[in-house]
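Report on the structure given below.
Derivation of every value follows stated rules applied to the coordinates shown; laboratory data play no part. Fair warning: this is a prediction, and the values are worked out from it, not measured in the lab. So basically every Cβ, Gly included, is an ideal-geometry build from the backbone, and we count neighbours across all protein chains shown.
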Amino acid sequence: MSASDGVRSEPFRDARVARAVSAAVHTNARHADPEQFNTVIGLDLSRFGAQDLSGIERLANLEALHAAGCDIRELEPVTSLVRLTDVDLSGNGRLIDVTALRGLTRLRRLNLSRTGASSLSSLSAPSRLQFLYLEQTPVRDVTVVDRLSELLVLSLAHTPVTDISPLRSADRLVELDLSYTDVADISPLARLPWLHLLNLEGTRVTDVTELERAGRIGIRMPDGSHRGKTTARIRRAARLGAVGGRE
């Protein structure tokens with residue numbers, strides 16, 4: 001049946017995405033108009049198990065996309081969603097190519113944990129990125145951090161990363177998780193002024209003396225023990241200080 005017969009085509013290829021959007025606009029997505037789509041600023045696909053994001057580009061004002069634990073493999077539909085600030089794609093194990101994120105320059109939080117993403121070159125553009133989670137990914141090269149000047153929190157837990165020298169310039173970093181990596185040399189972290197929480201459990205690090213001298217850092221050691229002390233208040237204060245009073 002054609003559009004001339006008064007029946008609209010399906011705006012979303014994946015019925016699970018359509019259900020999530022329907023819940024967001026409080027009406028069947030098939031009958032929603034552009035104005036209704038424009039009211040959606042947050043979309044949670046996690047409980048729907050989405051696979052195909054085709055049609056999501058209709059949500060032009062989308063700021064938060066949560067799609068943890070889905071089976072998404074292609075991100076091209078998000079390319080035009082330039083208002084996105086928060087994207088959670090964790091647990092999409094067959095997602096490898098994240099180049100579609102290149103133009104999302106407003107991104108502040110990105111979770112790619114437990115995906116197949118191995119290259120972070122596309123993240124050089126989102127210079128506003130503050131929270132980056134890469135646990136259990138095949139990422140080895142973190143040179144992109146050189147260009148993430150506002151980064152506050154970085155997790156590289158359970159990755160094959162060994163060289164963290166690019167973190168030397170991450171001078172706003174507050175929290176860093178290197179647990180269960182093969183990192184042995186943490187000297188690049190010595191001059192990071194706001195680093196307050198560091199997880200080294202399961203690493204090959206043997207000497208933390210230089211970091212301990214700063215007297216402000218809480219460290220989870222390779223054997224699981226703790227050095228130093230930190231609290232939620234200190235963590236929040238560190239984040240605020242690192243962003244010049246903005247959170």
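Details
- Given charges at beta-carbon only (K, R positive; D, E negative), |dipole| of the chain in Debye: 720
- For the range 71-219, convex hull volume per residue from C-alpha positions, Å³: 85
- Cα gyration tensor category, rounded, prolate or oblate, for the range 129-215 with a/c compared to 1.5: oblate
- Each residue of the range 62-72 is assigned a 3J(HN,Hα), and the resulting list reads 5, 10, 10, 10, 10, 9, 5, x, 8, 10, 7 Hz, derived from the Karplus form 6.51 cos²θ - 1.76 cosθ + 1.60 (θ = phi - 60°), x at Gly and Pro.
- Using Cβ point charges alone (K and R +1, D and E -1), the dipole size of the range 23-152 about the Cα centre works out to roughly 160 debye.
- Mean residue ellipticity (222 nm) of the chain, computed from DSSP H runs ≥ 4 via -39,500 (n - 2.57), nearest 500: -3000 deg cm²/dmol
- Projected onto planes of every orientation and averaged, the convex hull of the alpha-carbon atoms in the range 1-147 covers 8.5 nm².
- Ser46 versus Ala214: modelled label distance in nm, points set 7 Å from Cα along the beta carbon direction: 3.0
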